[in-house]
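Worksheet for the structure shown next.
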Amino acid sequence: MTPTSGPLALPSGEAPPRNPLGVFARPTATRGWRSWITTVDHKRIGIMYGAASLFFLLIGGIEALLIRVQLATPDGQVLSADAYNQVYTMHGTTMIFLVVMPIGAAFMNYLIPLQIGARDVAFPRLNALSFWTFLGGGILLNSSWLLGGGADGGWFNYAPNNGVIYSPSHGIDFWNMGLIITGIASLVGAINLIVTCLNLRAPGMKLFRMPVFTWMALVTQFLLLFAIPVLTVAQFLLLFDRLFGARFFDVDAGADPLLWEHLFWIFGHPEVYIMVIPAFGVISEIIPVFSRKPLFGYPFMIFSGIAIGFLGWGVWAHHMFASGIGPLSVAAFSVSTMFIAVPTGVKIFNWLATMWGGRLKLEAPLLYSIGLVTMFTIGGLSGVTHAVAASDTQQTDTYYIVAHFHYVLFGGALFGFIGGWYFWWPKVFGYTLGNTVGKVNFWILLVGFNLTFGPMHILGLQGMPRRTYTYRDGYGFNLWNFVSTIGAFTIAVSFLVFFWNIWSSYKKAKASGLKMVADPWDGRSLEWTIQSPTPVHNFDISPTVHRLDDFWHRKYQENGDGKLVRIATSEQIVQPGNPRGVHLPSPSYWPIVLAAGLPFVGWGLIFNLWLCLVGGILIVAAIYGWVLEPSTAPEAARGPDDHVTPPDREGDGGQSAATEEAALVD
């Protein structure tokens, strides 16, 4: 049978068969911008998630600097009260939903298939749809700046302030529709990655042989699967309130505004772990590599992550101690808030135990990982104080909460993700980021971070309320607000150093012309067994896994004296990147077309229903095209395949290479 070389196959040198299907034919571009907007490759989608999140980080960072400039001195005049409300609302929303969450999605999309030995995710077209839907939601949300102003009710948008009486502009509507659309992206992505982890593992890749990062990603996807619908319910209620005259949160109609708080925080506290658990997974990969030791207590790390995800559903009302929910509820949620610190503490001590006695290599990735452990510990300790209801009631509307929140999310997520960028950058792009500049980058960021958010603890305990656009002289807030503003600009400098490091490292790599080694850090997991940058097909043949950290054990063994000795070099083990007959999922136009229709529906509901018709046409046309879209290399036309599935295959559900390929014909 003659092998094909259409989009499902790597080029074989033969001319592809002519496809007469016109608009329903799969796209064939492999380079240029068209190849990016039609790609279903999990690696490219991960890169696009990362690039989009950095773009939104720029927007959110500018908003943060505007906040700090406004509060640098008493009676600030940079922003009016209304503009300040919009800026801090959009800053919080952008950083949570459009920066931290998609950075985690970038890592998970790129790394999960590589770490479990798969060709791609289970549903490649759905993966592309997830990204383009996220991007559409972000564009819709931020288009509010050009169409009347941003949301002004805080990132939580409490009722009744989110109603038309108190927020008559369309800012809240943009916020609501934008997050409904990004919620669709999160749900689609969650289902896809759960199926990928459970069904596409390589032979022998049992669940408890998966790397910790993949495990934490799996926990995160289950949290998303159950948390996003809760928020979506609240948002649909708000949508009907604002656009169609319903009264779900109207006290005069017998409604209770606390319904919004309960729905939002039932989503909101698992959301905290949705943001930080992937970063926990990232540093759980970095710390063992640079400690030259296996991760201490692997099963405990897995079960503590699961426990955090489970217990995260039982602490939401500690955000509501000041709302009058009653002493019994306050007592119950105080206890649960204390209890959730236990599995988090398990992780912290396991990371410390991994580094203890190790031969530490203080490269940039490890510095950021240590930064996460220390900064998140500070944030966690300040969080435990909120388990004391009397203390929480005093702190809840002060800058103490702002400090705690940023130590958890910035200190606990962004530090880990930046460390992950330094760690996996050579695998993704084929060159390393400058280590010396990376260390300078880390120290500038660490100093700036603590200068910005450390003083906010003091300001909060002094009584400075959050969500206020100015303060009077003589209240004792002047010094620490000024210090905090200096810290914010220091953080901005650290990101400029990071971007300069990317550019300068790229130029040096291009000038040298040297090929990046596959395993620059002496890694432990499967992604380091393939070439750098990652080949389009991932693996030449599907790997067979025999134990946890299988790649490491193929390089090292203990001798008779119990000492670790090298038995093979990385070059002897790494796959050469020369596959034969490997078939890949085909690109598709329809995910971006379908996603493009959703913002038009949002704009239509806000301004003119005719725009909904435009969006509906795009959505229906995309679904129609999606269903009729052919497979350009049907099974009957495929050539020989050299995937090897051992006859004595181990595993508890890991999929064979041939079955995996069939699943990937999406």
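The values are calculated or read from the model by the stated rules, or taken from the named source; none is laboratory data. Because the structure is a prediction, the values reported are computed rather than measured. FYI the Cβ positions are ideal-geometry reconstructions off the backbone, even for glycines, and counts take in every protein chain you see. Note: areas computed on protein heavy atoms with side chains; ligands, DNA, RNA excluded. Shrake-Rupley method; radii C 1.70, N 1.55, O 1.52, S 1.80 Å.
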(message) Given the criteria closer than 20 Å to ALA403 by Cα, surrounded by 15 or more Cβ atoms within 10 Å (Cβ to Cβ) and in contact (Cβ under 8 Å) with a residue 24 or more places away in the chain, does TRP521 qualify?
(response) no
In the stretch 495-516, anything open to solvent by less than 70 Å² (accessible area, probe 1.4 Å) and within 30 Å of VAL212 (Cβ to Cβ) is listed as PHE495, VAL497, PHE498, ASN501, ILE502, SER505, ALA509, MET516
Of (1) within 21 Å of LEU548 (Cα to Cα); (2) surrounded by fewer than 19 Cβ atoms within 10 Å (Cβ to Cβ); (3) of a type outside the set (A, V, I, L, M); (4) in contact with a Phe, Trp or Tyr (Cβ under 7 Å, 6 or more places away or on another chain), ARG292 fails just (4)
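Take the stretch 524-544 and flag every residue that is of a type in the set (A, V, I, L, M) and either surrounded by 24 or more Cβ atoms within 10 Å (Cβ to Cβ) or not in a loop (DSSP other than H, G, I, E, B) (or both). Please lay out each step first, then the result.
Taking the stretch 524-544 as the starting set, the residues that turn out to be of a type in the set (A, V, I, L, M) are 526, 530, 536, 541.
Within the stretch 524-544, just LEU526 meets the criteria.
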Just one listed residue, out of ILE37, ILE45, is open to solvent by 20 Å² or more (accessible area, probe 1.4 Å), within 22 Å of ILE181 (Cβ to Cβ), in contact (Cβ under 8 Å) with a residue 12 or more places away in the chain and in contact with a helix residue (DSSP H, G or I) (Cβ under 7 Å, 6 or more places away or on another chain), and it is ILE37
Condition check: among the β-branched types (Val, Ile, Thr), crowded, with 20+ Cβ neighbours inside 10 Å and either in a loop (DSSP other than H, G, I, E, B) or out of contact with any Pro (no Cβ under 8 Å at 6 or more places or on another chain) (or both). Does VAL233 satisfy that? no
Of all helices (runs of 4 or more DSSP H) fully inside the stretch 570-629, the set with 2 or more residues that are within 30 Å of the chain's Cα centre (by Cα) is 590-606, 609-628
Subset of the stretch 470-494, residues hydroxyl-bearing (Ser, Thr, Tyr) and exposed (fewer than 14 other Cβ atoms within 10 Å of the Cβ), comes to TYR475
Note on ASP75: of the conditions (1) surrounded by 19 or more Cβ atoms within 10 Å (Cβ to Cβ); (2) on the phi > 0 side of the Ramachandran plot, unmet is (1)
- Item | Test for ARG68: is it closer than 15 Å to PHE495 by Cβ and either crowded, with 17+ Cβ neighbours inside 10 Å or hydroxyl-bearing (Ser, Thr, Tyr) (or both) | yes
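Here is a check on your reading of the model: is PHE551 part of a loop (DSSP other than H, G, I, E, B), among the aromatic types (Phe, Trp, Tyr) and open to solvent by less than 10 Å² (accessible area, probe 1.4 Å)?
no
Select the helices (runs of 4 or more DSSP H) contained entirely in the stretch 380-429, then report the ones holding at least 1 residues which are of a type in the set (Phe, Trp, Tyr).
Numbers: elements: 389-395, 399-409, 415-429.
Those helices (runs of 4 or more DSSP H) span 399-409, 415-429.
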